[in-house]
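Structure first, commentary second.
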Amino acid sequence: MCGRYAASREVLELQLLFDIAVPESRALPANYNIAPTQETYIIDAPEQERRLRVVNWGLVPAWSRDVSGAARLINARAETVAEKPSFKAAFARRRCLVPMDGWYEWQGAGKQPWFLSRMDGLAAVAGICERWRPANADPSNPAAVYHSMSIITTEASPDTVHVHDRMPVLIDPDDFAAWLDPATGTGELLHLLRPAPAGTVQAWRVSRAVSQVRNNDPSLIEPMEPPPAPSPEQALLF
């Protein structure tokens with residue numbers, strides 16, 4: 001599961017980190033609380049050249065009547081992404097990477113939010129993307145196309161299972177080319193859809209402020225302060 005995430009890197013930094021050949025002309029502001037249907041960056045390579053693009057989070061298959069179902073298709077399960085009708089065409093031909101500082105999960109009945117991230121820096125998460133056009137739209141008008149993506153999730157890693165039983169699929173830099181190449185075979189792709197090895201992900205509790213989408217600043221990803229230690233007088237009571 002991935003219901004919110006943080007992405008704060010600037011266009012130039014993403015271009016360098018991902019060897020982007022075709023840059024994005026629009027610069028998105030840093031977003032520490034990205035929610036479904038909001039705009040975000042992806043990296044794809046349909047013509048073997050990596051490009052940075054702005055899309056909406058929540059997949060809208062090309063055959064959809066409208067975009068109203070986007071919020072229900074923010075995640076695609078690794079176990080079924082190759083077969084599920086909503087995802088299989090995108091998985092076969094339109095894969096992408098979703099750059100993020102980390103993602104949020106809510107733990108237990110009390111819904112305590114946690115922030116999870118790669119220990120070694122920016123995460124490149126496996127995604128699939130689509131383009132949808134209204135039936136009555138002018139085919140020559142690129143502005144009529146709605147671009148969207150979904151994040152692929154898998155079983156939790158040993159580092160994150162205490163927080164949630166699912167996590168986004170993390171693609172390592174050595175596998176970027178294979179993941180983005182439209183010609184990569186299904187067997188190789190499915191091999192990449194695995195939990196991150198132990199020692200890859202770190203996690204800490206964060207403020208409940210992240211539960212409100214209107215809250216959006218760097219403090220959301222900071223570790224929550226531990227409760228104060230009891231005073232000597234309080235300790236005597238126990």
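The values are calculated or read from the model by the stated rules, or taken from the named source; none is laboratory data. Given the structure is predicted, the values throughout are model-derived calculations rather than measurements. Ideal geometry is used to build each Cβ from the backbone, glycine not excepted, and the neighbour counts take in all protein chains shown.
Quick check: is even one residue across region 57-68 in contact with a helix residue (DSSP H, G or I) (Cβ under 6 Å, 6 or more places away or on another chain) and either surrounded by 13 or more Cβ atoms within 10 Å (Cβ to Cβ) or of a type outside the set (Gly, Ala, Ser) (or both)? Yes, region 57-68 contains at least one residue that is in contact with a helix residue (DSSP H, G or I) (Cβ under 6 Å, 6 or more places away or on another chain) and either surrounded by 13 or more Cβ atoms within 10 Å (Cβ to Cβ) or of a type outside the set (Gly, Ala, Ser) (or both).
Yes or no: ALA156 of a type in the set (A, V, I, L, M), touching a residue at least 12 places away in the same chain (Cβ under 8 Å) and under 22 Å from THR40 (Cβ atoms)? Taking the combined requirement at face value, the residue does not satisfy it. The strands (runs of 3 or more DSSP E) found entirely in region 1-49 that carry 1 or more residues being touching a Phe, Trp or Tyr at 6+ places or on another chain (Cβ under 9 Å), at negative phi and surrounded by fewer than 17 Cβ atoms within 10 Å (Cβ to Cβ) are 39-44. ARG95: within 23 Å of VAL213 (Cβ to Cβ) and crowded, with 21+ Cβ neighbours inside 10 Å, yes or no? Considered against the rule, which asks whether it is within 23 Å of VAL213 (Cβ to Cβ) and crowded, with 21+ Cβ neighbours inside 10 Å, ARG95 comes out as no.
Entry remark, region 85-105: residues being closer than 22 Å to PRO46 by Cα and out of contact with any Cys (no Cβ under 8 Å at 6 or more places or on another chain) number 12 in total.
Against the criterion of being in a strand (DSSP E or B) and in contact with a Leu (Cβ under 6 Å, 6 or more places away or on another chain), ALA124 qualifies. Is it the case that GLY121 is buried (at least 18 other Cβ atoms within 10 Å of the Cβ), of a type outside the set (A, V, I, L, M, F, W, C) and under 20 Å from the mean Cα position of the chain (by Cα)? Spelling it out, it is not the case that GLY121 is buried (at least 18 other Cβ atoms within 10 Å of the Cβ), of a type outside the set (A, V, I, L, M, F, W, C) and under 20 Å from the mean Cα position of the chain (by Cα).
Find the residue count for region 61-93, including only residues that are within 26 Å of SER8 (Cβ to Cβ) and not aliphatic (A, V, I, L, M). The total comes to 1. Restricting TYR32, TYR41 to those that are farther than 22 Å from PRO142 by Cβ, touching a residue at least 24 places away in the same chain (Cβ under 8 Å) and not small (Gly, Ala, Ser) reduces the list to TYR32. Looking only at residues in region 6-63 that are at pLDDT 95 or above and aromatic (Phe, Trp, Tyr), the one that is nearest to ALA144 (Cα to Cα) is TRP57.
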